[in-house]
Amino acid sequence: MRAVFGVLGPVSAWDDAGEPIALKGPRHRAVLARLIVARRRVVPVGHLVDDLWEEPPAGAVSAVRTFVAALRRALEPERPPRAPARLLVTEGPGYALRAEPDAVDAWRFERAVTAAATLPPADALARLDEALGWWRGPGYAEFAEAPWARAERAKLAELRLHAVERRAGSRLALGLAAEAVPDLDAHVTEHPWREEAWRLLALALYRTGRQGDALAVLRRARALLVEQLGVDPGPALRQLEADVLDQAAHLDVARSDVTHLGAAGPDAERPSGVAPTPAPASEVRPAPGPDAPDPAGAAARVWARAAADYDRAVSAGARARLESTVGLLRNLALTGGEGLEAARAHRVAAVAAAEELGDPELTARVIGAYDVPAIWTRADDPEQAARIVAAAERTLAALPAPGHAAARARLLATIALETRGTRSPTDPPEAADLATLAATGSPASAARASRPLAPEAPAPQVPAPRATRAAREAEEIARSLDDPALLAFALGGRFMQCFERAGLAPDRDAIGAELVALSARHGLVAYEVLGHLIRVQARSALADFVTADRHAAAVDRLADRHELPLVGVFTQWYRALRLVATGHPTGPEAEAAYRAAAARLDGAGMPGLERGLLPLALLCLRLTREDQGAALPAARGADRIAARSADWGPYAPWVRPLALLADGRRAEAATALRAAPPPPHDLLYEALWCLIGRAAICVGDRAVIRLARSQLLPANGELAGAGSGLLTLGPVAHHLAALDAALAEPEGS
């Protein structure tokens, strides 16, 4: 039988089948452990007696011999009587354990760590993972206080710490920085005086894009060393801090950081027998020459140094930090999907923090500083938007009067911007469904619906919604203050509230034109982009694709020059719309254009735009081609409503009646139509009323037909839905003609 010994934890032994070997009492285990510490060398019996007892009893030597005999029986149970022992042998004045080099886990561990230094990072990582897995607890766990075990325990503990750090270095060399962070974080917490551990943790954080956290770790290490030990960090930590601040190019190189264990500087320790290995030449990126331009690196260094200086100079509780944070969030929101989502989440936290301080002027600045332009009229997170609006209303009420005009304007513009396609809680409630709206429609609307097409008559005076009033007031204040940036913000809010009825594309076009001119004069790039996008939408609604093309091209140029990746989502959707509206493509070609545009939405951080948009666009495409008499596949009705599993998102109430009709369920469709809510006042207002009108004609609901006609009449000269810049159902005039034709038929026909 071959015995295997474990001392990386409680002292144990196993046979070659992996079964535990009974070692009897603590003295037996102590003898075995003491012999393992001797590493195959002879330990005299007198030394064993001294090591096992502080005050040896009478008969201690005989007791040791008894322990040895019991261990021999346990370790070599098949040894014949009086045959010489082969494992625990008597030699000279004492005993020795002649275990094979791989029979003791501690010995194997030492060889594995030494060998890992000469292996490529991937092999080193696998070897170290396996070796660290052998640890079951502290070395020689039950003999922590024994003087004879102290040196061996310390040696193994140090070697284990080096192995943890070497494994982290291997992960960094393999580009697995994120995997290294958790282990290193726990490692420095348990062993705060290990400078190499702090260095590796900071480097791992830096390589995962957490530059600020990396600097914080380095400063925490410095504070511990200075405050607790009275020493400054060693050269390796000091150099890394300087490199992080400089955004040094070599920090991003996936080099073999495991070699740093032997090259960290004069204060770095290295396990016995472990030599440094130079990084392979293929893994080292040459540093740029002294004359090589590095604009990206220069910008990164400026950022890092300024951030570090700000972090040192401005106290953690300073109110200025909140305002500075919002400025960062405003820029973060323009960087892409992940940045946009993060900015939204942090913005709510910043506003809440400002309110907790009880300073309405500060809160007004924190809320109003986030003047990120918005082109889509449905909020990505309605609950979050409602919280921002509520905070803005509270802050408006708390601001001292008079004065603070600019702050009031920004709060009002925020209310207008965040109240998208919805109503304020203070506004009178709208009809809950189309049946109620049809029954309570104004006489003027009914009269217009009963006449042939004619110019829109003046609507009766009703109080404007709260957000609309806020937009107008913000614009008035901004114009009186002659503040271009504030006016651009206010115009963005006014655009978001320019949907109180159909047919307002010319009004929005005028807002876009003013934004373009104002922003170009004053360098307000984000609002210049917004102005061009508004004009793309408005000119599309008016079927002026030549002008819309010009503005789409301007948007792409600005986005490319100023690194605004989200803008391309809207211009690609516009080009799919333009293809459908003017190019007479085949069905598969048009669908492919829409699907390609929808793919840009994946990860864009705009769920308010993304959800349900592609199925709606494809439905509009199929209905339009059907109206044009284009050839369609078999099973037309089912096909044009698309797959039943499609996620229609917020558009489901207005698609459901058509889906039921496609299944031949006319009575259910009529019920669903009357139960649908009125469409929100947003960029798809006309398109959704066209879907309502189409379903109303199919089920013969004359009241809803009249209602749809009255709502669509002001947009008679526009393309339905094209004002979104995304999709279309063709000319509103065609839908009005169909509604008129249905009303002209005798009732019940």
- Query: Hey, among the residues in segment 723-738 that are in a helix (DSSP H, G or I) and over 15 Å from residue 574 (Cα atoms), which one's nearest to the chain's Cα centre (by Cα)?
  - Reply: 732
- Task: State which residue pairs qualify: first residue surrounded by fewer than 18 Cβ atoms within 10 Å (Cβ to Cβ) and inside segment 622-633, second residue part of a loop (DSSP other than H, G, I, E, B) and at pLDDT 85 or above in any location, beta carbons under 9 Å apart, and separation of 6 or more residues or different chains.
- Result: 627/729; 627/730; 628/730
- Task: Of the conditions (1) under 37 Å from the mean Cα position of the chain (by Cα); (2) within 15 Å of residue 106 (Cβ to Cβ); (3) not in a helix (DSSP H, G or I), residue 163 clears all except one; give me its number.
- Result: (3)
- Message: Return the residues of segment 424-456 that are at pLDDT 70 or above, open to solvent by 40 Å² or more (accessible area, probe 1.4 Å), outside any loop (DSSP other than H, G, I, E, B) and small (Gly, Ala, Ser); say none if nothing qualifies.
- Response: 439
- Task: Could you please let me know if residue 539 is within 13 Å of residue 722 (Cα to Cα), at pLDDT below 95 and either in contact with a Phe, Trp or Tyr (Cβ under 8 Å, 6 or more places away or on another chain) or among the β-branched types (Val, Ile, Thr) (or both)?
- Result: no
- helices (runs of 4 or more DSSP H) enclosed by segment 185-302 - at least 3 residues per element that are more than 26 Å from the chain's Cα centre (by Cα), modelled with pLDDT of 50 or more and farther than 30 Å from residue 111 by Cα: 211-224, 235-246
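Residue by residue, here is whether (1) acidic (Asp, Glu); (2) over 20 Å from residue 11 (Cβ atoms); (3) without any contact (Cβ under 8 Å) to a residue 24 or more places away in the chain holds:
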{"position": "76", "(1), (2), (3)": "yes, no, no"}
{"position": "79", "(1), (2), (3)": "no, yes, yes"}
{"position": "83", "(1), (2), (3)": "no, yes, yes"}
{"position": "94", "(1), (2), (3)": "no, no, no"}
{"position": "99", "(1), (2), (3)": "no, no, no"}
{"position": "105", "(1), (2), (3)": "yes, no, no"}
{"position": "109", "(1), (2), (3)": "no, no, no"}
- Task: Identify all residues within segment 83-125 that are of a type in the set (Val, Ile, Thr) and either closer than 15 Å to residue 65 by Cα or surrounded by 16 or more Cβ atoms within 10 Å (Cβ to Cβ) (or both); write none if there are none.
- Result: 89, 90, 104, 113
- Selected residue (criterion: surrounded by the most Cβ atoms within 10 Å (Cβ to Cβ)) from residues of segment 712-722 that are of a type in the set (A, V, I, L, M) and outside any loop (DSSP other than H, G, I, E, B): 722
- Message: If residue 672 meets every condition in (1) without any contact (Cβ under 8 Å) to a residue 40 or more places away in the chain; (2) assigned to a loop (DSSP other than H, G, I, E, B); (3) open to solvent by 10 Å² or more (accessible area, probe 1.4 Å) apart from one, which number is that one?
- Response: (2)
- Query: For segment 210-238, which residues satisfy the criterion of being open to solvent by 40 Å² or more (accessible area, probe 1.4 Å), closer than 20 Å to residue 181 by Cα and of a type outside the set (D, E, K, R)?
  - Reply: 212, 216, 224
- Message: If I filter segment 26-36 for residues that are outside any helix (DSSP H, G or I) and either surrounded by fewer than 20 Cβ atoms within 10 Å (Cβ to Cβ) or at negative phi (or both), do I get at least one hit?
- Response: no
- Task: State the number of residues belonging to segment 166-176 that are under 14 Å from residue 127 (Cβ atoms), not aliphatic (A, V, I, L, M) and not in a helix (DSSP H, G or I).
- Result: 0
- Item | Output for segment 541-557, where each listed residue is touching a helix residue (DSSP H, G or I) at 6+ places or on another chain (Cβ under 6 Å) and over 19 Å from residue 606 (Cβ atoms) | 541, 542, 545, 547, 548, 551, 554
- Message: I'm checking my understanding of the structure. Among residues of segment 686-709 that are under 45 Å from the mean Cα position of the chain (by Cα) and open to solvent by 10 Å² or more (accessible area, probe 1.4 Å), which one is nearest to residue 737 (Cα to Cα)?
- Response: 694
- Query: Is it true that some residue in segment 572-593 is closer than 16 Å to residue 512 by Cα, buried (at least 21 other Cβ atoms within 10 Å of the Cβ) and of a type in the set (Val, Ile, Thr)?
  - Reply: no
- Query: Are there any pairs with C-beta distances below 6 angstrom linking a residue in segment 136-163 that is in contact (Cβ under 8 Å) with a residue 40 or more places away in the chain to a residue that is of a type in the set (D, E, K, R), with the two at least 6 apart or on different chains, and if so which?
  - Reply: 139/153; 140/153; 148/34; 148/51
- Message: Step by step: first the residues of segment 353-386, then only those that are without any contact (Cβ under 8 Å) to a residue 12 or more places away in the chain and more than 30 Å from residue 686 (Cβ to Cβ), then the one that is most open to solvent (accessible area, probe 1.4 Å). Which residue is that?
- Response: 356
- Query: Of (1) surrounded by 18 or more Cβ atoms within 10 Å (Cβ to Cβ); (2) closer than 24 Å to residue 136 by Cβ, residue 43 satisfies all except one. Which?
  - Reply: (2)
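The values are calculated or read from the model by the stated rules, or taken from the named source; none is laboratory data. Because the structure is a prediction, the values reported are computed rather than measured. A quick note on method: Cβ atoms are made from the backbone with ideal geometry, for glycine too, and the neighbour counts reach across all protein chains shown. Accessible surface areas use protein heavy atoms only, side chains included; no ligands, DNA or RNA. Shrake-Rupley method; radii C 1.70, N 1.55, O 1.52, S 1.80 Å.
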